[in-house]
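Each remark here refers to the structure printed beneath this line.
Only the coordinates and a few stated rules stand behind these numbers; no lab work does. Bear in mind that the values here come from a model prediction, so they are computed numbers and not experimental data. We place every Cβ from the backbone using ideal geometry, glycine too, and count neighbours over all the protein chains shown.
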Amino acid sequence: MQIDVISDTVCPWCYIGKRRLERALSLRPQIEFDVRWRPFQLDPSTPLEGVDRKTYIEQKFGSSDKIKPIHAALLKAGEDEGIAFAFEKITRTPNTLNAHRVIRWSHSLGVQNELVEALFKRYFIDGVDIGKTKMLATIANEVGMDPELVEELLDSDADRESVEREDTMARKIGINGVPTFLIGGKVLVNGAQDAEHLVRVIDRVAAETGGAVATG
């Protein structure tokens, strides 16, 4: 069963959603899943060089104080999923176009899930700028990709239009928030739903397509 995950690398709920999806998949070991990560930029207007995090938050929310309750909720949800968010370490809000390009390339090497995990960890836990070419090449190297090739491709326009086209297509079909899960090409699930809800959708799609459905 193919599951397409439309997400952004600077979306904390996408990180939480990833954990919940993984738990859902572990509850259905008899189904072979093909998880594919699809691009969505929460803010494509962010300059390619990124912006100061504090400035970005103040422009978006009016003041840094207004994001505190949002962070508090995320810290609790993250703790429940084994994610130790360290928002205080994040100093830059990056443009995520290039990160999505690397994610696209990682699929052909079979390390897409590992790369997405590494990008989330580096940004939300280590606080690094995942918009920088050198950093993206370093993270790609951590999961077995060729860092020199990644850097060379990032310095070109390789797959830039393809990623932008996928992002645009997601918006055209009505996706305006992430994470969004497309289960078996049939059902869209919006938001970081709990594992039990995802399992119910997986079971329904499996039944409709003649796949095996676990009980109990």
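Table: residues versus (1) in contact with a Pro (Cβ under 6 Å, 6 or more places away or on another chain); (2) of a type outside the set (A, V, I, L, M, F, W, C).
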site: V102; (1), (2): no, no
site: S108; (1), (2): no, yes
site: L119; (1), (2): no, no
site: Y123; (1), (2): no, yes
site: G131; (1), (2): yes, yes
site: L149; (1), (2): no, no
site: I175; (1), (2): no, no
site: L182; (1), (2): no, no
site: V189; (1), (2): no, no
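Out of V116, V102, V163, V128, I need the residue that is in a helix (DSSP H, G or I) and in contact with a Lys or Arg (Cβ under 6 Å, 6 or more places away or on another chain). Which one? Break it down stepwise before answering.
Values: V116 fails: in contact with a Lys or Arg (Cβ under 6 Å, 6 or more places away or on another chain); V102 fails: in contact with a Lys or Arg (Cβ under 6 Å, 6 or more places away or on another chain); V128 fails: in a helix (DSSP H, G or I).
Step by step, each of V116, V102, V163, V128 is checked, and only V163 is in a helix (DSSP H, G or I) and in contact with a Lys or Arg (Cβ under 6 Å, 6 or more places away or on another chain).
Can you tell me which of P39, P44 is in contact with a His (Cβ under 7 Å, 6 or more places away or on another chain) and surrounded by 12 or more Cβ atoms within 10 Å (Cβ to Cβ)? Spell out the reasoning first.
Values: P44 fails: in contact with a His (Cβ under 7 Å, 6 or more places away or on another chain).
The unique qualifying residue is P39.
Take G177 and tell me if it is touching a residue at least 40 places away in the same chain (Cβ under 8 Å) and surrounded by fewer than 17 Cβ atoms within 10 Å (Cβ to Cβ). First the steps, then the outcome.
On the way: touching a residue at least 40 places away in the same chain (Cβ under 8 Å): no; surrounded by fewer than 17 Cβ atoms within 10 Å (Cβ to Cβ): yes.
No: the conditions fail for G177.
Can you pull out the residues in the range 60-113 that are in contact with a strand residue (DSSP E or B) (Cβ under 9 Å, 6 or more places away or on another chain), β-branched (V, I, T) and either surrounded by fewer than 16 Cβ atoms within 10 Å (Cβ to Cβ) or closer than 20 Å to E161 by Cα (or both)?
Listed by number, the residues that qualify are T91, T96, I103.
So that you can scan it fast, the table gives a plain yes or no per residue for (1) under 17 Å from R23 (Cα atoms); (2) more than 20 Å from the chain's Cα centre (by Cα):
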residue: A140; (1), (2): no, no
residue: G144; (1), (2): no, no
residue: A158; (1), (2): no, yes
residue: E166; (1), (2): no, no
residue: R171; (1), (2): no, no
residue: F181; (1), (2): yes, no
residue: A195; (1), (2): yes, no
residue: E208; (1), (2): no, yes
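Can you confirm whether the range 162-173 contains a residue that is free of Cβ contacts under 8 Å to residues at least 40 places away in the same chain and closer than 26 Å to A77 by Cα?
No, the conditions are met nowhere in the range 162-173.
From the list K76, K54, exactly one residue is free of Cβ contacts under 8 Å to residues at least 40 places away in the same chain, more than 14 Å from the chain's Cα centre (by Cα), part of a helix (DSSP H, G or I) and within 27 Å of R23 (Cα to Cα). Which is it?
Details: K54 fails: within 27 Å of R23 (Cα to Cα).
That would be K76, the only listed residue that is free of Cβ contacts under 8 Å to residues at least 40 places away in the same chain, more than 14 Å from the chain's Cα centre (by Cα), part of a helix (DSSP H, G or I) and within 27 Å of R23 (Cα to Cα).
For E151, only one of the following conditions fails: (1) within 30 Å of R28 (Cβ to Cβ); (2) assigned to a helix (DSSP H, G or I); (3) not polar (S, T, N, Q). What is its number?
Of everything listed in (1) within 30 Å of R28 (Cβ to Cβ); (2) assigned to a helix (DSSP H, G or I); (3) not polar (S, T, N, Q), E151 misses just condition (1).
Restricting the search to the range 115-129, which residues are out of contact with any Gly (no Cβ under 8 Å at 6 or more places or on another chain), of a type in the set (D, E, K, R) and either over 19 Å from G50 (Cβ atoms) or in contact (Cβ under 8 Å) with a residue 60 or more places away in the chain (or both)?
Hit for the range 115-129 is E117, nothing else.
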